1. With the checklist (1) among the basic types (K, R); (2) more than 24 Å from G260 (Cβ to Cβ); (3) buried (at least 21 other Cβ atoms within 10 Å of the Cβ) in hand, flag the one item K233 doesn't pass.
2. Might you let me know whether the range 475-487 holds any residue that is without any contact (Cβ under 8 Å) to a residue 60 or more places away in the chain and either touching a Leu at 6+ places or on another chain (Cβ under 9 Å) or on the phi > 0 side of the Ramachandran plot (or both)?
3. Taking the range 538-580 only, how many residues are within 45 Å of the chain's Cα centre (by Cα), outside any loop (DSSP other than H, G, I, E, B) and closer than 14 Å to T515 by Cβ?
4. Residues in the range 107-123: is at least one touching a Pro at 6+ places or on another chain (Cβ under 7 Å) and at pLDDT 85 or above?
5. Taking the criterion of being farther than 30 Å from A152 by Cβ and surrounded by 21 or more Cβ atoms within 10 Å (Cβ to Cβ), would at least one residue in the range 339-347 satisfy it?
6. Which pairs do you get when a residue that is among the hydroxyl-bearing types (S, T, Y), found in the range 300-316, comes within reach of a residue that is part of a loop (DSSP other than H, G, I, E, B), reach meaning Cβ atoms under 6 angstrom, with the pair 6+ apart or on two chains?
7. Any residue that is small (G, A, S), out of contact with any Ser or Thr (no Cβ under 8 Å at 6 or more places or on another chain) and assigned to a loop (DSSP other than H, G, I, E, B) - is there at least one of those in the range 351-369?
8. Quick check, is D247 of a type in the set (D, E), in the same structural domain as A198 (by TED's automatic domain parsing) and over 19 Å from the mean Cα position of the chain (by Cα)?
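The values are calculated or read from the model by the stated rules, or taken from the named source; none is laboratory data. Bear in mind that the values here come from a model prediction, so they are computed numbers and not experimental data. A quick note on method: Cβ atoms are made from the backbone with ideal geometry, for glycine too, and the neighbour counts reach across all protein chains shown.
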Amino acid sequence: MSARAVSGLALSVLAGVLAFPAAPVLASDAAEVPVSLVVGLRSDAAPDERGAEVVDKLEQSVDVVASEPLDAAVAVDVPADQAAEAAAALRADPAVAYVERDHIASIAATVPNDPAFDSQWGIKLAGVDTAWDTTRGRGGVVVAVVDTGVKALPELSGRLLAGYDFVNDDTNATDDHGHGTMTAGVIAASGNNGAGAAGICWFCKILPVKVLNSDGYGTYSDIAQGIRWAADKGADIVNLSLGGADDSQLLRDAVAYASGKGVLVLAAAGNSGSSAPHYPAAIPAAVAVGGSTPGDLRYSWSNYGSSWVDLAAPGCNLAEGLNGIVSQFCGTSSATPFAAGVAALLASTSPTPTAATIRSTLTSSADKLSGSWVASSGGRVDAAAALASLPAGENTVADDHVPPATSFLSPGGGALVRGTVRVSAAATDDIGIAKVELLANGVVVNVDRYAPYSLPWRTAVRGGTVTLGLRAYDRGGNVTTSARRVVVDNWGPAVRITSGPASGTRNVRKTKYVTAEAADRNGIRSLELLVNGKVVQRTTATRRTFAVQTWKFGSTLKVRVRAIDRAGNVSYTGTRTWYR
């Protein structure tokens, strides 16, 4: 989405007091600045087909500057002076579920250090040091930091996973701002190592997902894609230290997608000192986190609202920046990873609790706060109380040394596959399965937490052998793997006509002959002759001379040959037009 023009109100990563521009910044000629619209698609056809059809139809009434497919949606850029007309045309399209502007996310200035704050006062206040007597985290727990990226600091050594950059559409998710790195440090900086500050979950892994640029801005569509990607890549928890004033169906769908995969999503309530709902924190499926003081009061900059803020957490925490210097990191951007770190500690217990259990435990065990600025069902997070409050059986470290069993159901070993492949798996355990991960050549590409285990894999390579892996975790923390190889073929076969009347031939009569041949590294399924768009002859051979009885096809014949390889890829020859 970074290549497309964007407009709308600002969303922000919430490091401190947040200021929103009253309107988008536009060039002097507003009509020349494209407006980005997110178009939700109904679920009665394949997304790629629906998106292409919607864009094609829209181009009949307005000028489409650019378009980009999203999950269950498509983004389109149109001139600003045609935006209203485009929105009306889209809403009239029966394939469209909703239309909304693609808003922008931004970072705000950091709240200055408060000299009254003792170093890491929140750790003691929230009982994290007591919780460490039970668990300091587990390497199987993955927290996604959907933010400005994360720098590979020594404090995260060996625990920073390969991420993705949705701003620049590449795999380099390093931090060019600093906000995401400090967020990750609050969650998972190493403890008891004689350096820097201690994070909450010392052994948890961080999955960096860059959705905000070096200035701290990013589109809702990039954020939504980042949330979905993190869920597919095996994140147990998603941290969103960002927010904005605008609601969005696209964000709601992304949070719902992650929640539906068993992922706990936490989001910053915002730093405007306002009761107005802030998004995505105000989405009910997310846990909205406000910032509390050492005295368990609300920081003046923290947003509030008993109807939508679920939890509070210490709002100023020590974290290491890009320059290696540890300093106070304040805002709901800091409170949210504090709560996420506590959630990761709960996820590190055995048997592994579900996301729903972690959420309810975090809120029900929280210390109650005065002032009604947080929901009555919540309060300020208390790590020790939360661990003690896990439902019976869920906070017991089971003496379980029996690994789970896992195996592939489909595709079979050596199978020829293309496009998006749905991998089916079996996984069983005496205590229970926590999650099953699908890996392609060692990289996690999807995760499923619920049986039956079905994991879509979008093959990215044109062709070649890929090793698929299954990694099953039981609720006692044991891991089992299984692997098999498949052959990917996303490349169409070669096909050509070697003899027959040339295109433009006139006065064709009687039977004419067309010879064609096809080749493919994985074999040809069929070679087909098409006349005027219809298949009239078919063979499984790689070379065939087709007899065309010209008198059966009218005055004009459009002749071409189609080859389909064993994987299902299709290639065509050019069309030869004959006249009778």
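1. (2)
2. Yes, the conditions are met somewhere in the range 475-487.
3. 5
4. Yes, because at least one residue in the range 107-123 is touching a Pro at 6+ places or on another chain (Cβ under 7 Å) and at pLDDT 85 or above.
5. Checking the range 339-347: not a single residue is farther than 30 Å from A152 by Cβ and surrounded by 21 or more Cβ atoms within 10 Å (Cβ to Cβ).
6. From the range 300-316, the pairs are S300/G273; Y304/S275; Y304/W373; S306/S372; S306/A375.
7. Among the residues of the range 351-369, at least one is small (G, A, S), out of contact with any Ser or Thr (no Cβ under 8 Å at 6 or more places or on another chain) and assigned to a loop (DSSP other than H, G, I, E, B), which makes the answer yes.
8. So D247 does not fit the description; no.
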